[in-house]
Amino acid sequence: MAPLLAADALTAELAAHGLHFVIGTEPAPVTPRLTPAELLAALAQQRDARLRAALIALLLDQPALADATPAALALLDGPAQQTLMLYYTAAVILQGKYAARLRPLAQEWRPLPDRYAAALDLPAEQNPDARLAQLGQRQREITGLAANWVGTYENTAQRFLRRREKEARWAA
């Protein structure tokens with residue numbers, strides 16, 4: 001199991017990757033200290049829901065990190081593995097849904113491979129809203145929590161997109 005990082009340390013790691021999705025109190029390091037797999041694993045096992053949701057924003061922003069998900073899964077067990085697979089799959093669906101807005105904003109663009117939908121027993125639905133609903137239902141079944149998971153996924157994507165769109169306007 002990967003070591004559990006303090007929320008501020010993980011927020012600083014995200015900032016070092018150029019993602020200012022969660023505001024912390026510690027200054028960001030100049031360069032990332034964690035490998036991509038360690039960062040994904042650390043986010044997946046966080047108790048802070050904002051940091052877990054940052055998994056989605058990070059993958060939307062830097063889809064090349066998808067290559068590190070198998071190694072990140074190997075660092076985790078049980079619920080944290082499921083969280084990584086669920087949030088990764090949410091990012092896959094959201095990337096397709098918001099591709100037109102994401103392409104000009106993401107640090108880099110490439111499609112996220114849909115690696116975990118089969119493992120999560122998600123049917124191959126093409127409509128992104130229907131897929132998100134299916135994923136939310138699956139997350140309710142897996143976690144036993146009757147949360148609005150679709151709202152969590154969508155809120156994360158919208159917050160990320162608004163932030164990146166503002167940053168693009170500031171830079172213009």
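Figures for the structure shown
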item	result
Cut-off under 5 Å, modelled amide H: who pairs with Leu120 long-range	none
Over region 7-171, relative contact order from alpha-carbon pairs under 8 Å, at least 6 apart, %	21
Helix-only mean residue ellipticity at 222 nm for the chain, each DSSP H run of n ≥ 4 adding -39500 (n - 2.57), per residue, nearest 500	-18500 deg cm²/dmol
Per principal axis, descending, Cα span of region 105-148 in whole Å	35, 21, 18
Value of Rg to Rh for the chain (Rh from inverse mean 1/r over Cα pairs, i.e. Kirkwood)	0.94
Chymotrypsin sites (Phe, Trp or Tyr not before Pro) within region 41-103: DSSP coil, no more than 12 neighbouring Cβ in 10 Å	none
Highest to lowest packing among 5-11, 36-42, scored as the average C-beta count within 10 Å	36-42, 5-11
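Readers should treat all values here as calculations from the given coordinates under stated rules, not as data from a laboratory. Keep in mind that this is a model prediction, so the values were computed, not measured. Cβ atoms come from the backbone with ideal geometry, glycine included; neighbour counts cover every protein chain shown.
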